[in-house]
Structures are given as structure tokens and as C-alpha cells.
Amino acid sequence: LLTGAPVLLLDEPTNHLDISGIEFLESWLVERRQAAGKAALVVSHDRHFLNSVCDQILDVSSGVIEEYPGNYDAYRKL
């Protein structure tokens with residue numbers, strides 16, 4: 001997180017965090033995206049976290065990638 005990488009790959013980043021750690025990570029990722037335009041690819045089962053940090057969802061199924069605008073709830077509606 002401290003290297004300033006243009007893209008982060010995060011696999012289940014909330015698994016071992018307490019509530020305050022999750023809230024910090026959410027706000028840090030959103031601020032990082034808005035202020036610096038840096039991306040994060042997040043794999044997570046935490047729907048609240050995905051709703052907080054995502055502005056685009058990629059669905060990968062049978063080797064096909066489909067792109068959906070918005071957070072997880074928007075993806076589910078589409």
C-alpha cells in the first residue's frame with residue numbers, strides 16, 4: 001500500500017481486518033482513486049465493501065468478461 005503503485009490487486013482484503021481497519025481501507029481506496037486516478041482490482045465476498053469502493057464490476061464467466069458500471073448493487077440490478 002505504501003509503494004504508490006498505479007494498480008493494486010487485492011484478494012479478500014477484508015478477511016482479517018476489524019471494522020476500523022475495513023473503514024480505513026474503504027476510505028483510503030476511494031480517496032486514492034478520486035485524487036490520484038489509481039486503480040484497484042478487488043476480489044471480495046464482502047458486499048458492503050464492494051459497494052463502498054467499486055465504481056465498475058467485471059464479471060468473468062466461462063472465459064468471457066462482462067463490464068458493468070457502478071457498484072455491486074448496481075451490478076446485481078443489471
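The values are calculated or read from the model by the stated rules, or taken from the named source; none is laboratory data. As the structure is a computational prediction, the values presented were derived from the model and not from experiment. No Cβ is skipped: glycine too gets one built from the backbone with ideal geometry, and neighbour counts run over all protein chains shown. Side chains included, ligands, DNA and RNA excluded: accessible areas come from the protein's heavy atoms. Shrake-Rupley method; radii C 1.70, N 1.55, O 1.52, S 1.80 Å.
If each residue of separation counts as 0.36 nm, what is the full-extension length gain between L58 and E23 once their alpha-carbon separation is subtracted?
Working: separation 35, 0.36 × 35 = 12.60 nm, distance 2.32 nm.
Full extension of this stretch gives 10.3 nm more.
Helical content of the chain, expressed as a calculated mean residue ellipticity at 222 nm, amounts to -12000 deg cm²/dmol (DSSP H runs of 4 or more residues, -39,500 (n - 2.57) each, divided by residue number, nearest 500).
How much of the accessible area of region 3-63, probe 1.4 Å, is carbon plus sulfur, in whole percent? Carbon and sulfur: 55 percent of the exposed surface of region 3-63. For region 51-62, backbone phi angles converted through the Karplus equation (6.51, -1.76, 1.60; θ = phi - 60°) give residue-by-residue couplings of 5, 6, 10, 8, 10, 7, 10, 10, 9, 10, 8, 6 Hz, Gly and Pro being listed as x. Taking amide hydrogens as placed 1.01 Å from N in the peptide plane, the amide H of I57 sits under 5 Å from those of Y68, G70, each at least 5 positions away in sequence or on another chain.
Rolling a 1.4 Å probe over the heavy atoms of the protein chains gives the chain an accessible area of 73 Å² per residue. If R0 is 30 Å, the Cβ-Cβ spacing of R47 and A5 corresponds to a FRET efficiency of close to 0.70.
Within the chain, antiparallel bridges make up roughly 55 percent of the DSSP beta bridges whose residues both belong there.
So what's the angle, to the nearest 10 degrees on a 0 to 90 scale, between helix 19-36 and the longest Cα principal axis of the chain? Value to nearest ten degrees: 80.
Protection proxy ranking of 52-58, 8-14, by the mean of other Cβ atoms within 10 Å over each peptide's residues and highest first, is 52-58, 8-14. Across the options S61, A36, L2, the greatest Cα extent toward the positive end of the charge dipole of the chain (unit charges at beta carbon of Lys, Arg, Asp, Glu) belongs to A36.
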